[in-house]
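The structure appears right after this line, and notes come after that.
The values are calculated or read from the model by the stated rules, or taken from the named source; none is laboratory data. The model shown is predicted, which means the values in this text are computed figures rather than measured ones. Because the Cβ atoms are built from the backbone with ideal geometry, glycine has one as well, and the counts that use them run over all protein chains shown.
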Amino acid sequence: MDKPGVQFRTNQKITWCPGCPDHIILESARRTLISLVEQGYNKNNFAMAAGIGCHGKIFDYLNISGIYALHGRAIPTAIGMKMGNPNLELLVFAGDGDTYAEGMAHFIHACRFNPDLTLFVNDNQSFSLTTGQATPTSQPGFKSNLEPLGNFNSPLNPIHLALSAGASFVARCNANDIEHTRMVMEAAIKHKGFSFVEILQDCVVFNLYVNNKDRLMYKLPEAKRTLKKALALSQEYDYINNKGKIPLGIFYAQPRPSLDEEWPQLVNLKNKKVGWGGLKK
Ligand SMILES: Cc1ncc(C[n+]2csc(CCOP(=O)(O)OP(=O)(O)O)c2C)c(N)n1
């Protein structure tokens, strides 16, 4: 076990911009893992697939096994890892460009297939590593070198989409709120099946319009909700409006059989305790 205070850290130099909330998301993830290990999770069974983008650099800084996937392909990479060793606790760290543009088909089908893994999407409403082009959650009018006249498209609503596609756990966090994000991350990892956590974050360099929305955010009360109610809540925020309210927390959590429970081959692997062995105490 690492020394207290350095758990799950690597010695890599962190190269995110000063002030980027990716630093804070890393800290929430680190605290989540520490808390789960304290509760009996086996540290060696955590593994990650990271997307390509600023967000993906968490792979270098969070000390668990894994792989940098291709841009847009972190979800299928994680599903493959899970099929190879269903005893792993798979975490996917992806970006909004990564997941909702090039990776969109994988996102929708993961909601349908319900593999037992957790997807965290750092949503800064821009392709930031490539210097700020519009993603599917960017606001109309967002100007970039690629679209000097501004983005013509309206944002899609990933929370609404995930719920519609059958995701069994759907949540939203504010990157700036370490402790709330930690709590939601922990609940998402504990959920059996596909968990989707959208983490709204500022981009301090490329899409300043989407920043400083903390004052609009409020926390949903913990409650078991119908899909209908969760869908209605998901529409409170349209990713453009700077006046309305932005709900945070768990919109929906409804366990249903996961991919690895439905496939006999995976059940067999699980029972044989392939790889690193049983996951939880
Ligand atoms: C297959 C493929 N397509 C496109 C790219 C180029 N690319 C690398 S990072 C990136 C932007 C990532 O944006 P996002 O996923 O929103 O993450 P952020 O950098 O904002 O955290 C793009 C388009 C690539 N490396 N590989």
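Every test in (1) under 25 Å from Leu90 (Cβ atoms); (2) touching a helix residue (DSSP H, G or I) at 6+ places or on another chain (Cβ under 7 Å) is passed by Leu200 save one, and that test is (2).
Number of residues in the stretch 148-166 that are part of a loop (DSSP other than H, G, I, E, B) and under 16 Å from Leu200 (Cβ atoms): the value is 3.
Evaluating Asn11 against the criteria (1) within 20 Å of Leu117 (Cα to Cα); (2) free of Cβ contacts under 8 Å to residues at least 12 places away in the same chain leaves one unmet condition, (1). Whether a residue is touching a strand residue (DSSP E or B) at 6+ places or on another chain (Cβ under 9 Å), outside any helix (DSSP H, G or I) and touching a residue at least 40 places away in the same chain (Cβ under 8 Å) was assessed, and Thr99 does not pass this test. For the stretch 108-117, taking the residues that are of a type outside the set (S, T, N, Q) and part of a loop (DSSP other than H, G, I, E, B), the one that is nearest to Arg73 (Cα to Cα) is identified as Pro115. The residues on offer are Ser138, Ser154, and the sole one that is away from the ligand (no atom under 16 Å from the Cβ) and either at pLDDT 95 or above or not β-branched (Val, Ile, Thr) (or both) is Ser154. All of Lys224, Lys270, Lys280 fail the test of being surrounded by 15 or more Cβ atoms within 10 Å (Cβ to Cβ) and either in a loop (DSSP other than H, G, I, E, B) or modelled with pLDDT under 95 (or both), apart from Lys270. Here Trp16 passes the criteria (1) touching a Gly at 6+ places or on another chain (Cβ under 8 Å); (2) outside any helix (DSSP H, G or I); (3) among the aromatic types (Phe, Trp, Tyr) except the one numbered (1). Selection of the stretch 30-88 for residues being part of a strand (DSSP E or B) and more than 16 Å from the ligand (Cβ to nearest atom) yields Phe46, Ala47, Ser65, Gly66.
One line per residue, one yes/no per condition, for (1) assigned to a loop (DSSP other than H, G, I, E, B); (2) within 30 Å of Ala78 (Cα to Cα); (3) among the polar types (S, T, N, Q):
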site: His106; (1), (2), (3): no, yes, no
site: Leu119; (1), (2), (3): no, yes, no
site: Gln125; (1), (2), (3): yes, yes, yes
site: Thr137; (1), (2), (3): yes, yes, yes
site: Pro140; (1), (2), (3): yes, no, no
site: Leu146; (1), (2), (3): yes, no, no
